[in-house]
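Input: a single structure, listed below in structure tokens.
The values are calculated or read from the model by the stated rules, or taken from the named source; none is laboratory data. As the structure is a computational prediction, the values presented were derived from the model and not from experiment. Neighbour counts run over all protein chains shown; Cβ positions are idealised from the backbone, glycine included. Areas reflect the complete protein model, heavy atoms only, side chains present, ligands, DNA and RNA absent. Shrake-Rupley method; radii C 1.70, N 1.55, O 1.52, S 1.80 Å.
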Amino acid sequence: MFQPPYVNAEKFQTQLHDLGHAVIAPDLVQSFFGVQPEQLARLSGYWDKLPPDNFLKDGGRYRFRRHSCFVVDGDEVIQSPHRAHWQPLDYNALHGGIERLFEPMEQAATALPAWQQLLRGLASIASGLKGEKPWFVEAHQFRIDTTDGIGRPTPEGAHRDGVDLVAVFLINRHQIKGGESRVFEAAGPQGQRFTMTQPWTLLLLDDERVIHETTPIQPDGGHGHRDTLVVTLRAGGFQDP
């Protein structure tokens, strides 16, 4: 496995601006977002009761998820009324063009101080990259498992999300192999590949400039799974039909 190209605290925002992506180690996540390990561990517990994703067009049973929306304006974090997730076909050829209504995140999870801190921190990163403004945030809890022998974190393949900033937190890996993250220039030949293995590693992506994907996972010694938190931030409003 290729190790993540971690960047230090002084450089990660510069690298995100210059290259369109950056990978942050868990200790920097804790210090930048102002969260303690025990707070993140408490939040991680909310991945154990995710309902199945009933919208997979490949017929798979490997994905479980919850989805909620927020608006972050400065230090204010407001949860939006529950809404469907929608993407245009231009960005998601497999599942685009349909409204997918998932179960919301549990209220106990979104009320945690660590959750509020994560959203505020991501909004500050987006504002540093794109300019200060309110951010329309969609949060996705994912569990990809190996019940049927293989699980696909990105069944749509390499893609963009149609937003301004994408944040992918690794929550946990359990008895799996695979799950390699791949990031490519949207308008050039350069790319990187690496595998996130440490819980609360963070991959940041300038969605206008890069495309990304994660390779399938397979069991490694038993029934395995890969848990992630994917948060997207978009200026001007949520995507909808």
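What's the number of the condition residue 89 fails, among (1) outside any helix (DSSP H, G or I); (2) free of Cβ contacts under 8 Å to residues at least 60 places away in the same chain; (3) open to solvent by less than 30 Å² (accessible area, probe 1.4 Å); (4) under 23 Å from residue 160 (Cα atoms)?
So the condition that residue 89 fails would be (3).
Touching a Leu at 6+ places or on another chain (Cβ under 6 Å), under 30 Å from residue 76 (Cα atoms) and surrounded by 17 or more Cβ atoms within 10 Å (Cβ to Cβ): does that describe residue 168?
In short, yes.
Among the residues of region 213-227, is any closer than 15 Å to residue 163 by Cα and out of contact with any helix residue (DSSP H, G or I) (no Cβ under 6 Å at 6 or more places or on another chain)?
No, there is no match, as no residue in region 213-227 is closer than 15 Å to residue 163 by Cα and out of contact with any helix residue (DSSP H, G or I) (no Cβ under 6 Å at 6 or more places or on another chain).
Counting only residues that are on the phi < 0 side of the Ramachandran plot and either at pLDDT below 95 or touching a Cys at 6+ places or on another chain (Cβ under 8 Å) (or both), which one in region 221-241 is least open to solvent (accessible area, probe 1.4 Å)?
Per the criteria, the residue is 239.
For region 1-35, which residues satisfy the criterion of being without any contact (Cβ under 8 Å) to a residue 40 or more places away in the chain, open to solvent by 60 Å² or more (accessible area, probe 1.4 Å) and more than 22 Å from residue 190 (Cα to Cα)?
10, 27, 31
So residue 79 ticks every box in (1) of a type in the set (S, T, N, Q); (2) under 17 Å from the mean Cα position of the chain (by Cα); (3) at pLDDT 85 or above but one. Which box is left unticked?
Here residue 79 meets the rest and fails (2).
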